[in-house]
Amino acid sequence: MHENYFLKSIKALRQEEEILLYEHALTFSEHDIQEVVDFLALEFVRESIEYPHTPSDFDPLAAEWAAKTVYFSTQLLLFRESSVEDIASAVPKFSLPMTPAAIVSSDLCLRFIPFIIRQLSLIDSQDVLIPILVSLLHTWHYSGITYPLDSTLLDFECIVSNPSLHQLYINRVISANNIKLALHPVCRQWIDANLSIFAEEFWKEFTMETRIHDNTNR
Amino acid sequence: MAYHASHDVVYYLLLDISRKDDLATIRGWSNLKIAFDGASLWVKDFEHSQITSVAVKSIPFKTLFYERDGKLFLLNSLLPDRAIPPLLWTAIDRALPITLPGYNHNFFGIHEKIAVLMVESDQVHESVAMITPFDHLERYSTSAPSVRMKRLQWALINGEQAFLLSTPLLPIPGQAFWHRGDNLLPAGYDFELPVLADTYASILNPDKQYLVLWNTDSTYSLLPKIDLQPLSISSVRLTGKRHAPLSPR
């Protein structure tokens with residue numbers, strides 16, 4: 001019987017937050033891929049009930065690309081037969097324009113990249129795959145909030161354009177306690193507005209850091 | 001700060017012994033000393049704030065003195081009136097004991113009942129819960145930061161009202177409640193007999209599985225604690241869908 005390893009792996013990732021690896025399963029039929037996209041579409045519907053405002057639509061291409069990216073980078077955790085160039089080409093590039101729908105849909109899988117990077121650096125901190133994934137997170141930084149990115153390289157234009165994604169972004173910064181990102185001049189006013197007068201109660205560190213920040217700049 | 005000279009002055013009060021009961025209001029001031037001198041009694045060691053207080057001013061037929069150089073001067077007088085009487089001073093609450101009324105063994109009023117009554121109260125209490133129309137909650141929650149909601153718990157009551165518990169409450173209009181244990185009282189109101197709050201709770205809610213929601217007209221409703229669920233956008237949305245036919249809009 002034909003086994004869809006791609007689907008099994010992504011399912012385990014989404015439902016158990018575990019990674020299952022299957023050796024030498026690197027090519028998939030159209031049918032296999034479509035099954036994964038269908039599964040992700042269902043997951044998106046389930047998750048988008050929790051999204052604020054009017055949730056953006058599902059973007060199947062972005063979800064497919066993200067699933068592939070995550071799948072192949074997890075493969076590279078264990079199975080390394082290829083050279084450096086091959087690794088770079090194993091992580092596919094997203095060729096379509098970046099839209100709020102693409103960001104939210106790809107996040108279904110891309111949100112696990114920070115954990116993969118941590119695992120990679122535990123095995124070998126000089127791994128060539130790490131900078132590739134980090135630069136990918138800099139572009140798709142909604143999925144990289146839990147990873148310490150260089151906040152000067154981030155582009156917030158697409159995030160701000162959609163109120164639903166905008167609110168999701170702020171929620172994640174607060175729940176991840178990413179203080180460096182919260183102090184970014186663009187983010188800071190959003191966070192301030194969201195915490196309002198309860199900042200001290202909700203996120204003590206943030207009020208402390210903003211106070212220090214304001215005092216040094218005076 | 002400048003030193004206030006009058007703080008050091010010791011004040012005396014002279015009263016006829018037959019008017020002993022008038023001292024009831026100041027019996028609680030533990031710094032006072034009292035002594036009995038034949039048909040009169042003396043109270044000493046008043047502070048300036050005490051001697052000018054309403055409690056002392058309202059004692060009738062008293063004579064007030066202040067002490068200087070071992071002599072007693074009438075209050076507001078510069079001429080000495082008499083020497084300090086050599087007396088045995090005792091603490092005022094020891095010298096004026098309270099006698100409690102005896103237990104009435106022939107009391108047959110034990111079948112009398114009291115009504116639970118809500119009265120307006122001036123005391124300030126923090127509100128910990130609110131009831132708001134479900135529409136308001138639905139409208140607010142879809143645009144709210146998750147950090148504002150994740151500490152709260154909520155339940156749908158009567159199919160169209162949302163009950164929200166825990167602080168900080170959401171910035172939407174509604175009826176606020178404060179709590180005495182599991183009793184949730186409308187803000188600005190209190191039991192007429194607050195000391196019985198625990199008794200009410202133990203009668204209405206012996207297993208502590210409910211929250212007792214009190215209305216201003218002294219009626220109450222029981223809300224099972226198990227019905228409360230964490231507040232989130234999806235929880236509100238799914239509830240709204242399920243109850244849509246119940247509330248025609």
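In the stretch A:180-191, the qualifying residues are those that are surrounded by 16 or more Cβ atoms within 10 Å (Cβ to Cβ) and more than 14 Å from chain B (Cβ to nearest Cβ), and the one that is farthest from A:Phe202 (Cα to Cα) is A:His184.
Against the conditions (1) farther than 30 Å from B:Ser218 by Cβ; (2) in contact with a Pro (Cβ under 8 Å, 6 or more places away or on another chain), B:Ile92 satisfies every one except (2). Quick check on A:Glu23: is it surrounded by fewer than 19 Cβ atoms within 10 Å (Cβ to Cβ), within 29 Å of B:Val147 (Cα to Cα) and of a type in the set (D, E, K, R)? Spelling it out, it is not the case that A:Glu23 is surrounded by fewer than 19 Cβ atoms within 10 Å (Cβ to Cβ), within 29 Å of B:Val147 (Cα to Cα) and of a type in the set (D, E, K, R). May I ask you to list the residues in the stretch A:196-218 that are more than 24 Å from the chain's Cα centre (by Cα) and either at the interface with another protein chain (Cβ under 9 Å from one of its Cβ atoms) or within 16 Å of B:Lys150 (Cβ to Cβ) (or both)? Answer for the stretch A:196-218, where residues must be more than 24 Å from the chain's Cα centre (by Cα) and either at the interface with another protein chain (Cβ under 9 Å from one of its Cβ atoms) or within 16 Å of B:Lys150 (Cβ to Cβ) (or both): A:Ser196, A:Ile197, A:Phe198, A:Ala199, A:Glu201, A:Phe202. Residues that are open to solvent by 60 Å² or more (accessible area, probe 1.4 Å) and either in contact with a Lys or Arg (Cβ under 6 Å, 6 or more places away or on another chain) or assigned to a loop (DSSP other than H, G, I, E, B) (or both) do occur in the stretch B:3-23, at least one of them.
If you check B:Thr199 against the conditions, is it exposed (fewer than 14 other Cβ atoms within 10 Å of the Cβ) and either within 21 Å of the chain's Cα centre (by Cα) or outside the structural domain of B:Gln123 (by TED's automatic domain parsing) (or both)? Spelling it out, B:Thr199 is indeed exposed (fewer than 14 other Cβ atoms within 10 Å of the Cβ) and either within 21 Å of the chain's Cα centre (by Cα) or outside the structural domain of B:Gln123 (by TED's automatic domain parsing) (or both). Restricting attention to the stretch A:26-73, the residues that are open to solvent by 40 Å² or more (accessible area, probe 1.4 Å), among the hydroxyl-bearing types (Ser, Thr, Tyr) and within 19 Å of the chain's Cα centre (by Cα) total 0.
How many of the residues making up the stretch B:91-112 are within 16 Å of B:Phe46 (Cβ to Cβ) and open to solvent by less than 60 Å² (accessible area, probe 1.4 Å)?
Here is the first cut: in the stretch B:91-112, the residues within 16 Å of B:Phe46 (Cβ to Cβ) are B:91-93, B:95-96.
Pick out the ones that are also open to solvent by less than 60 Å² (accessible area, probe 1.4 Å) and you get B:91-92, B:95-96.
Residues that pass the stated criteria total 4.
For the residues B:Pro171, B:Pro133, B:Pro224, the requirement of being within 14 Å of chain A (Cβ to nearest Cβ) and surrounded by fewer than 20 Cβ atoms within 10 Å (Cβ to Cβ) singles out B:Pro171.
If you go through the stretch B:136-160 and pick out every residue that is within 12 Å of another protein chain (Cβ to nearest Cβ) and of a type in the set (Phe, Trp, Tyr), you end up with 1.
Within the stretch A:158-171, residues that are within 11 Å of chain B (Cβ to nearest Cβ) have Cβ atoms under 7 Å from residues that are among the aliphatic types (A, V, I, L, M) and open to solvent by 40 Å² or more (accessible area, probe 1.4 Å) in these pairs: A:His166/A:Val160, counting only partners at least 6 apart in sequence or on another chain.
Of all residues in the stretch B:118-167, those that are within 27 Å of the chain's Cα centre (by Cα) and of a type in the set (Val, Ile, Thr) total 5.
The values are calculated or read from the model by the stated rules, or taken from the named source; none is laboratory data. Computed from a predicted structure; not experimentally measured. Every residue, glycine among them, receives a Cβ derived from its backbone with ideal geometry; neighbour counts consider all protein chains shown. The accessibility values were calculated without ligands, DNA or RNA, using every heavy atom of the protein model including side chains. Shrake-Rupley method; radii C 1.70, N 1.55, O 1.52, S 1.80 Å.
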